Amino acid sequence: MVSRVIPVDPFDLVLFGATGDLAQRKILPGLYHRFEVGQMPEDAKIIGTARSDMDSDGFRDQIRASMKEFAPAFKKDVLDQFLSHVEYVPVDALGDSGWKDLANSLRPDVVRAFYLSVGPSLFSGIAKRLSDHGMATPDSRIVVEKPFGHDLASAQALNSGLRACFEEHQIYRIDHYLGKETVQNLMALRFANSLFEPLWNATHVDHVQITVGETVGVEGRGAYYDQSGAMRDMVQNHLVQLLCLTAMEPPSKFSPNAVRDEKVKVIEALEPVAPSDIARGQYRSSKVGDGYLDHVGNPASRTESYIALKAHIGNWRWASVPFYLRTGKRLRARESEIAVFFRDPPHTIFPNVGPLHGNVLVIRLQPDEGITLRTTIKEPGQGGFRLSDVALDMSFAEALGDEAQSPDAYERLVMDVIRGDQTLFMRGDEAEAAWAWVDPIIHSWEERGDRPAKYDQGSSGPEEALMLMHRDGRRWRQIGG
């Protein structure tokens with residue numbers, strides 16, 4: 001296979017919050033990598049902006065330090081060339097200082113993108129100031145990070161504030177999970193092959209499991225996380241997006257709005273979730289001062305660091321097929337996957353071989369990106385006819401070699417912004433539809449005053465999550481297994 005790097009058009013990228021963690025850890029190293037492989041044109045310009053009072057040389061020194069920590073394999077001469085495209089303009093996002101200087105630093109004849117690597121409370125104010133100072137041109141783009149709101153009302157307010165200054169086709173609501181190579185391969189697997197799509201329905205699929213497990217806790221961001229929780233922080237965006245790509249109908253064509261139309265239909269078809277179909281948890285201390293309550297500094301917290309739930313999609317394709325979603329902090333392994341469990345054959349011709357385990361298609365998102373199909377074969381050897389499960393395993397790293405070294409999600413998504421491709425970004429109605437489904441679930445447990453169950457760090461979550469599956473006669477796939 002031959003990797004193709006297609007350069008983008010000349011651009012000015014303004015990075016708000018340029019001195020913050022996300023910009024230094026992900027966005028700027030990602031832009032360096034795109035420059036290194038030749039995707040950024042020679043006349044590209046990156047303008048960092050924040051409240052910090054420094055000059056461009058000081059900002060470049062800060063980037064050099066970040067690269068040593070987060071992308072140590074950089075080439076010094078290439079980094080020097082990359083930094084020659086970088087400038088810095090101090091701007092007060094909440095005030096009036098610096099905006100005129102920022103406007104003067106932009107060119108009129110190139111793609112113009114504004115990346116808001118800041119909290120959502122600043123989105124509308126920055127958008128308005130960009131408009132007031134004549135920077136929000138008809139061809140410019142604005143990128144906003146999650147969380148996109150705290151509930152439906154705040155998401156609607158954010159959409160209203162952004163749309164007052166930019167058209168919907170100019171707004172890019174970024175979800176880095178959609179930039180992962182394997183997530184995009186899910187669409188290729190379904191719609192570029194004739195093998196799976198005829199089986200991708202309630203007639204042949206028993207259930208689907210979507211798992212995003214993390215080994216890290218919430219230390220360092222406890223104050224934010226305790227106001228959010230796993231439902232708002234992960235399910236409303238990442239897991240719902242994975243569910244949409246798994247369950248959506250084939251779009252009429254591979255275009256941004258055609259794909260996003262089908263995703264919205266999935267969200268709008270999600271049925272209300274009963275309290276009995278939800279399991280919430282908090283990780284307990286493994287040593288003094290190391291539990292969730294310690295990390296958030298709130299001994300009375302009822303916020304979940306783990307959630308598992310059973311969702312149903314009310315349409316013909318998925319009628320009666322449960323989608324089990326789970327995500328949590330301080331679990332046994334860092335692991336993200338989508339597992340599609342197919343139904344057992346309607347009749348077995350093999351007597352006395354025990355229960356069949358069925359076919360399972362697993363799309364691994366991290367850490368070892370790849371696709372596995374579990375099949376049943378005859379166990380080798382003489383002395384009887386025995387069946388055994390084996391996996392047809394395709395690891396991107398093994399199958400594609402150097403080609404498997406795909407760009408980081410942020411690298412891909414920022415270049416999509418410059419190209420004007422919104423396929424992997426959430427549309428406004430999509431974000432609002434997700435909140436409309438999530439809000440009643442959160443309100444129901446808040447009204448009941450439910451407390452999350454405790455679970456051990458390094459485990460698979462609370463016992464209640466296991467029971468959620470066991471009473472349906474099913475089992476979770478083992479995390480880290």
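Brief remarks follow.
- Lone qualifier among ALA153, ALA188 - being free of Cβ contacts under 8 Å to residues at least 24 places away in the same chain, among the small types (Gly, Ala, Ser) and open to solvent by 50 Å² or more (accessible area, probe 1.4 Å): ALA153
- Restricting SER336, SER320 to residues that are of a type in the set (S, T, N, Q), closer than 21 Å to LEU242 by Cβ and open to solvent by less than 50 Å² (accessible area, probe 1.4 Å) narrows the list to SER336.
- MET415 meets each of the listed conditions (1) over 25 Å from GLU268 (Cβ atoms); (2) open to solvent by 40 Å² or more (accessible area, probe 1.4 Å); (3) not assigned by the TED database to the domain that holds THR372 apart from (2).
- Residue in segment 64-81 that is free of Cβ contacts under 8 Å to residues at least 40 places away in the same chain, open to solvent by less than 60 Å² (accessible area, probe 1.4 Å) and within 18 Å of TYR115 (Cα to Cα) present: no
- Filtering SER276, SER305 for residues that are closer than 22 Å to GLU464 by Cβ, hydroxyl-bearing (Ser, Thr, Tyr) and free of Cβ contacts under 8 Å to residues at least 24 places away in the same chain leaves a single hit, SER276.
- Flag for ALA73 being touching a Gly at 6+ places or on another chain (Cβ under 9 Å) and modelled with pLDDT under 95: no
- Qualifying residue in segment 46-57 (condition: closer than 28 Å to LEU94 by Cα, assigned to a helix (DSSP H, G or I), free of Cβ contacts under 8 Å to residues at least 40 places away in the same chain and open to solvent by less than 50 Å² (accessible area, probe 1.4 Å)): yes
- Some residue of segment 232-247 being without any contact (Cβ under 8 Å) to a residue 40 or more places away in the chain, open to solvent by 10 Å² or more (accessible area, probe 1.4 Å) and in the same structural domain as HIS347 (by the TED database): no
- Some residue of segment 92-101 being buried (at least 19 other Cβ atoms within 10 Å of the Cβ) and more than 22 Å from TYR410 (Cβ to Cβ): yes
The values are calculated or read from the model by the stated rules, or taken from the named source; none is laboratory data. What you see is a predicted model; the values in this text were computed from it and never measured. Cβ atoms come from the backbone with ideal geometry, glycine included; neighbour counts cover every protein chain shown. Please note that ligands, DNA and RNA were not included when accessible areas were found on the heavy atoms of the full protein model with its side chains. Shrake-Rupley method; radii C 1.70, N 1.55, O 1.52, S 1.80 Å.
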